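The values are calculated or read from the model by the stated rules, or taken from the named source; none is laboratory data. Because the structure is predicted, anything quoted here is derived from the model rather than measured. Neighbour counts run over all protein chains shown; Cβ positions are idealised from the backbone, glycine included. Only protein heavy atoms, including side chains, enter the accessible area calculation; ligands, DNA and RNA are left aside. Shrake-Rupley method; radii C 1.70, N 1.55, O 1.52, S 1.80 Å.
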Amino acid sequence: MLAASKCHGFQDDGTMIAAGSDVFWSGGSPCDQVYEVTCTGATNQGVPHPCTGRSVTVKMVDLCPSPACRGTIDLSQEAFAVIADPNAGKINIEYRRIG
């Protein structure tokens, strides 16, 4: 079942999207802010060398309220696959707001 996003409900926002933790929402709505995200390395679990060496540009369209999302950006599967091996599950990243 498809869930509504915090920013646009059931609108199709494409595939290069992300959900931000409460850190992104604490200063107001981050809806439609654009971020460049780059993999910087593995976490303590999963694939030891997950990074592809590429960056991806994503639009913030949702809130990730899960305790597992604390201080994170949850990328769509398509966006994650650009910067890292999808089998990694979690990775360390750098990000910067570009729009």
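Here is how the numbers come out for the structure above:
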| item | result |
| --- | --- |
| Rounded accessible area per residue of the stretch 1-89, 1.4 Å, Å² | 58 Å² |
| Accessible surface of residue 97 - all protein chains present, 1.4 Å probe, nearest 10 Å² | 140 Å² |
| Rounded, prolate or oblate (a/c below 1.5 giving rounded, otherwise prolate when a/b exceeds b/c) for the stretch 1-59 by Cα gyration tensor | prolate |
| Gained length - residue 32 relative to residue 15, 0.36 nm times residue gap less alpha-carbon distance | 4.8 nm |
| Full-extension gain in nm, residue 22 to residue 57, via 0.36 nm per residue minus C-alpha separation | 10.6 nm |
| Whole-number percent relative contact order across the chain, with pairs defined as alpha carbons under 8 Å at least 6 apart | 40 percent |
| Estimated inter-spin distance, residue 97 and residue 78, nm [label 7 Å along Cα→Cβ] | 2.5 nm |
| Share of carbon and sulfur in the accessible heavy-atom surface of the chain [1.4 Å probe, %] | 50 percent |
